[in-house]
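**Q** Please see the structure below; I have some questions.
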Amino acid sequence: MLVLLDPAAELAVLATAGHVPPLVVRPGTAPELADLPVGPPLGTGFGGYESRHCPLPPGTLLPAYTDGLVERRGEDIDTGLAALTHASVTAGNALPVILNTVLDRPAPANSDDAVTLLAARTLREPLGPR
């Protein structure tokens, strides 16, 4: 996944290369999956990567993760993605609490794949001249 942040414009440009979409948690809203088309994995020789603009107001949380967090053998990956959007994640919580909440959601220990989770948050106060 590629994320280009423009904090001044409160915007990110997102693209994926065969990866699951990041979670977006804006202040005062429920978690949602970024609306991204899935591009082909890097190195396959197939092109067609598309990017999307994603508004990121101050205090927005952007967790990115590997498919091991949401994919289970014998279960459609959309089921795992939907469960992730229902995790009790609030943009204002401390990052360690958020990471633990996401990792402790139902059955992550039963994953057949490695799990990686990275979370970033936009500043609550915009940077300006001092």
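The values are calculated or read from the model by the stated rules, or taken from the named source; none is laboratory data. No experiment lies behind these values; they were computed from the predicted model shown. Note: ideal-geometry Cβ built from the backbone for every residue, glycine included; neighbour counts use all protein chains shown. The area values use the complete protein model at the heavy-atom level, side chains included, leaving out ligands, DNA and RNA. Shrake-Rupley method; radii C 1.70, N 1.55, O 1.52, S 1.80 Å.
**Q** Output the number of the condition that Pro7 fails; it satisfies all remaining conditions of (1) closer than 20 Å to Leu95 by Cα; (2) within 15 Å of the chain's Cα centre (by Cα).
**A** Evaluating Pro7 over (1) closer than 20 Å to Leu95 by Cα; (2) within 15 Å of the chain's Cα centre (by Cα) leaves (2) as the failure.
**Q** Turning to a different aspect of this structure: Return the total of residues in the range 24-44 being open to solvent by 80 Å² or more (accessible area, probe 1.4 Å) and either under 14 Å from Glu10 (Cβ atoms) or out of contact with any strand residue (DSSP E or B) (no Cβ under 8 Å at 6 or more places or on another chain) (or both).
**A** So the count comes out to 4.
**Q** Report yes if some residue within the range 2-10 is within 25 Å of Asp113 (Cα to Cα) and of a type outside the set (S, T, N, Q); otherwise report no.
**A** yes
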